[in-house]
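None of the figures in this text is laboratory data; all of them are computed from the coordinates on show. In this text, all values refer to a predicted model and were calculated from it rather than measured experimentally. Note that we place each Cβ from the backbone using ideal geometry, even for glycine, and neighbour counts take in every protein chain shown.
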Amino acid sequence: LVWRLFHEEKEVRVEAQTPLSRGCRCTVEYYHTILSRFPEAERIDMRGDDGLIAVECAFCSKTLAVSA
């Protein structure tokens, strides 16, 4: 398969690997910083009945309650 993809070159080079890490680094503090950039009127509209903004992380699907 590699030959069929790269048949124009005489050799196939493989670059050094980059180590991968698993896990999400989402925190309430991070989302608080992001939400603080929105105008106060928009943050009021985002709040639920409990006064918190529910944020779902697109990476780990964790839902965090942020007071912003």
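Summing Cβ point charges (Lys, Arg +1; Asp, Glu -1) relative to the Cα centre of the stretch 22-68 gives a dipole of roughly 340 debye. Proximity of backbone amide H atoms, modeled 1.01 Å from N, is registered between residue 66 and 53, 54, 55 at under 5 Å, excluding neighbours fewer than 5 places apart on the same chain. Global dimensions of the chain from alpha-carbon coordinates: Rg and Dmax equal 22.2, 66 Å. Positive-end ranking of 23, 57, 5 along the dipole of the chain, with charges on Cβ about the Cα centre, is headed by 5.
Rounded to the nearest 500 deg cm²/dmol, what is the calculated helix-only ellipticity per residue at 222 nm for the chain, with -39500 (n - 2.57) per DSSP H run of length n ≥ 4?
It lands at -6500 deg cm²/dmol.
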